[in-house]
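> Got a structure for you, questions after.
The values are calculated or read from the model by the stated rules, or taken from the named source; none is laboratory data. Note that this is a predicted model, so its numbers are computed, not measured. Virtual Cβ from ideal backbone geometry, glycine too; neighbours counted across all protein chains shown.
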Amino acid sequence: MNPKYYPSHECGVFGVYNHPDAAALTYFGLYALQHRGQESAGIVTTSGSKSKFKLHRGMGLVSQVFNENTLKELNGSRAVGHVRYSTTGSSNLVNAQPLVVDCARGQLAVAHNGNLVNAGVLREELENDGAIFQTTSDTEIILHLMAKPEGKGRDNSLIHALTRIQGAFSLVIMGENELIGVRDSFGFRPLSIGKLGDAWILSSETCAFDLISAKFIRDVEPGEIVIIDENGLRSLKPYVEVAHKSLCVFEYVYFARPDSNMAGVNVASARTRMGVELAKLHPVEADLVMPVPDSGNYAALGYSEQSGIPYSHAFVRNHYIGRTFLQPSQLIRDFGVRVKLNLIKEAVKGKSVVVVDDSIVRGTTARTRVVNLREAGAKEVHIRISCPPHLFPCYYGIDFPDRKDLIANQMTQEEIKSYLGADSLGYLDVASMVRAVGMEENQFCLACFTGNYPVRFNPELDKLAIENRRSRSTPLIGSYQSLQERLL
């Protein structure tokens, strides 16, 4: 089982302005956002103008990266935090965020959720101008653009940088005097504003506000820049209004925590309604409805309520999985599936079961689950998926693979059913999914289902720019003979 074929979490960003325990609040905020990235975590703090930024980052979970001593070192009243799953940039510490620089404009820290679709072109341009990059992350491009001298003042430099980048980005930026939240004009990635007493909070999801007892104020609007300083919060909207907003609908299907609200819609309620719509679209006679935990829980509950089929947690999830040096293939064929989910055989033996999951990407995991159910004695296995088939890759920050690795792009639904070994297979359609969330279709990005990408770009051009950079690598000093010829 190769983990790259799962829809991997994006990233989580968090920021605090004007609280004496900013680092501790950020730690708990990141803890609440851990589901958005388990690869690395980081926090940077400051006490204000002329105070040196303090940074701690590490690979692993929030609880592994930070402890009581590291948090004490991160004293200050302002903080930015980040949990990361790598989209652009490889998986190593140098790419962990927040990224921090000290430039002519002062100290800057940036945490980014999303993915830039023109990162290769911009990086090639900046390197041609003499920029030196320390990471392979597209987030560093934003820092370089902000540090360029166009415009006067932090607002102008930020606006200039944002006019150059394309794609999905929700940013939390800390300067020496302010905390800034940014959301791209399409609104691909979520970002919300909260308050805790006199402190301002920025977070990828509202569930983090609940953990620290902060009050949700509102979402950062698509195309909005919010600047928080000693005078409070002010808003800038420098972008030209776009007609079609593009909040990633997969936030409601899979990514977001069920206790979060996005665009005024509770995620758990949306998932339950997806299950209701799924039962209407693909009814079946069965003995029980069982979710694939945890993202399938609420959709399965909705399916059960609508169909009248009893709900059962026949899959048991292990919540305490950490990184391991052992390769699953060395131990058991489907260890990677069983270590996360184990089956209560007595619950399914001799029964017809409906298995509700959020998605099928490559299909290998779903196939193994069907095999396990057959081995446990299930009489029939009916697969129900609470979103449409994934036909196209995502370029906006979700690790959906190339088309050739998406099973729905390579097979018909009948062929997928046969490959899985299921008795029936039913996907939710786009209209039903959107109806379940309760918003208009033109408020979402549906590109991975429809192929209609809101931000038009040429991925081959960006790929070519990256290849050009690699091919022109040259020695710092030429051969001894040519150097001598130039010196004579």
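> Would you please name the residue that is nearest to LEU93 (Cα to Cα), looking only at residues in the range 103-139 that are of a type in the set (Val, Ile, Thr) and in contact with a Leu (Cβ under 8 Å, 6 or more places away or on another chain)?
Step by step, filter the range 103-139, then rank; the result is THR135.
> Might you check whether a residue that is at pLDDT below 95, among the basic types (Lys, Arg) and surrounded by 14 or more Cβ atoms within 10 Å (Cβ to Cβ) occurs anywhere in the range 401-409?
Yes, some residue in the range 401-409 is at pLDDT below 95, among the basic types (Lys, Arg) and surrounded by 14 or more Cβ atoms within 10 Å (Cβ to Cβ).
> Go through the range 352-458 and tell me which helices (runs of 4 or more DSSP H), entirely inside it, have 3 or more residues that are within 20 Å of ALA168 (Cα to Cα) and of a type in the set (A, V, I, L, M, F, W, C).
In the range 352-458, the matching helices (runs of 4 or more DSSP H) lie at 447-450.
> Test PHE209 against the stated conditions and say whether it is surrounded by 15 or more Cβ atoms within 10 Å (Cβ to Cβ), over 21 Å from GLN443 (Cβ atoms), among the aromatic types (Phe, Trp, Tyr) and modelled with pLDDT of 95 or more.
Against the criterion (surrounded by 15 or more Cβ atoms within 10 Å (Cβ to Cβ), over 21 Å from GLN443 (Cβ atoms), among the aromatic types (Phe, Trp, Tyr) and modelled with pLDDT of 95 or more), PHE209 qualifies.
> Same structure again: Would you confirm whether or not the range 279-289 contains a residue that is in a strand (DSSP E or B), over 23 Å from the mean Cα position of the chain (by Cα), farther than 23 Å from TYR31 by Cα and at pLDDT 95 or above?
Scanning the range 279-289, I find at least one residue that is in a strand (DSSP E or B), over 23 Å from the mean Cα position of the chain (by Cα), farther than 23 Å from TYR31 by Cα and at pLDDT 95 or above, so the answer is yes.
> Among the strands (runs of 3 or more DSSP E) contained in the range 8-97, which hold 3 or more residues that are of a type in the set (A, V, I, L, M, F, W, C)?
11-17, 40-46, 78-84
> Residue pairs, Cβ under 6 Å, 6 or more apart or interchain, first in the range 229-254 and free of Cβ contacts under 8 Å to residues at least 40 places away in the same chain, second aliphatic (A, V, I, L, M) and part of a strand (DSSP E or B). List them.
ARG234/ILE227; SER235/VAL226
> Something else now. Taking strands (runs of 3 or more DSSP E) that fall entirely within the range 134-250, which contain at least 3 residues that are in the same structural domain as ALA24 (by TED's automatic domain parsing) and hydrophobic (A, V, I, L, M, F, W, C)?
167-174, 179-183, 199-203, 225-229
> Would you check if there is a residue in the range 194-210 being of a type in the set (Val, Ile, Thr) and in contact with a Leu (Cβ under 7 Å, 6 or more places away or on another chain)?
no
> Any idea which of (1) over 16 Å from GLU10 (Cα atoms); (2) surrounded by 23 or more Cβ atoms within 10 Å (Cβ to Cβ); (3) among the hydroxyl-bearing types (Ser, Thr, Tyr) is the one SER269 doesn't satisfy?
(2)
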